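> Got a structure for you, written out below as structure tokens; questions coming shortly.
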Amino acid sequence: MADFPDFDPAPGMTKSSAPIVRKVQFGDGYEARLKYGINQNPKTFNFTFNVSEAESDTIETFLDARAADADNFTYTPPGEASALKFVCERWSKSSPSPDRATISATFRQVFEP
């Protein structure tokens, strides 16, 4: 497990929740819902990092390495009290101006050792 490089995301991140709930619907309109698992409310964060070209290479190298070893990483999102474990399965890079880059990444929270 590794720590995400120390770069702050640009303002405007989004945080999504998708609680894992099992539900059963009956013919008379009755619905039963059950929480599924002990970690049933993982978070997903969408970040944008506006950084230099060299810093974007650092971020991309880190994310490529996590993709290669299929390992999670720790990161403390803005507004969160402590570090969480994440995987990043999707990111993109653009270069809006010379020596500047924008990386957009989706971090999905995982619950593993």
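> Tell me which chymotrypsin sites (Phe, Trp or Tyr not before Pro) from the range 22-113 have a DSSP coil assignment and no more than 15 other beta carbons within 10 Å of their own.
Here the sparse-neighbourhood loop sites are 26, 30, 36, 111.
> If you don't mind, there's one more thing I want to ask. Just to confirm, what accessible area per residue do you get for the chain at 1.4 Å probe, in whole Å²?
Result: 64 Å² per residue.
> Considering the chain, what Rg and Dmax in Å follow from its alpha-carbon atoms?
17.6, 63
> How high is the FRET efficiency between residue 36 and residue 90 when r is their beta carbon distance and R₀ equals 30 Å, given to the nearest 0.05?
Once the sixth-power term is evaluated, E becomes 0.75.
> Add +1 for every Lys or Arg and -1 for every Asp or Glu among the other residues with Cβ under 12 Å from the Cβ of residue 21, and state the total. Walk me through the numbers before you get to the answer.
Working: positive: 22, 23, 33, 35; negative: 31.
After counting each charged neighbour, the total is +3.
> Sticking with this structure for a sec: For the chain, give the percent of accessible area contributed by carbon and sulfur heavy atoms, probe 1.4 Å, rounded to a whole number. Display every interim value, and only then the final one.
Working: 3650 of 7210 Å².
That fraction is 51 percent.
> What's the FRET efficiency of residue 17 with residue 50 using the Cβ-Cβ distance as r and R₀ = 22 Å, to the nearest 0.05?
Working: r = 26 Å, r/R0 = 1.17.
Here the calculated transfer efficiency is 0.30.
> Over the range 1-103, what relative contact order in percent results from Cα pairs under 8 Å that are six or more residues apart?
29 percent
> Mind checking the full-extension length gain between residue 67 and residue 111? Use 0.36 nm per residue of separation minus the Cα-Cα distance, one decimal, nm.
Taking 0.36 nm per residue and subtracting the Cα distance, the gain is 14.1 nm.
> DSSP beta bridges in the chain, what fraction antiparallel, as a percent rounded to 5?
For the chain, the DSSP antiparallel bridge percentage is about 95.
> Also, quick follow-up: What does the charge count near residue 101 come to, summing +1 for each Lys or Arg and -1 for each Asp or Glu among other residues with Cβ under 13 Å from its Cβ?
Result for the local shell: -3.
The values are calculated or read from the model by the stated rules, or taken from the named source; none is laboratory data. Computed from a prediction, not measured in an experiment: that's the story for all the values here. Positions of Cβ are generated from backbone atoms using ideal geometry, with glycine treated the same way; all protein chains shown enter the neighbour counts. Each accessible area value is taken on the protein alone, full model and side chains, heavy atoms only, with ligands, DNA and RNA left out. Shrake-Rupley method; radii C 1.70, N 1.55, O 1.52, S 1.80 Å.
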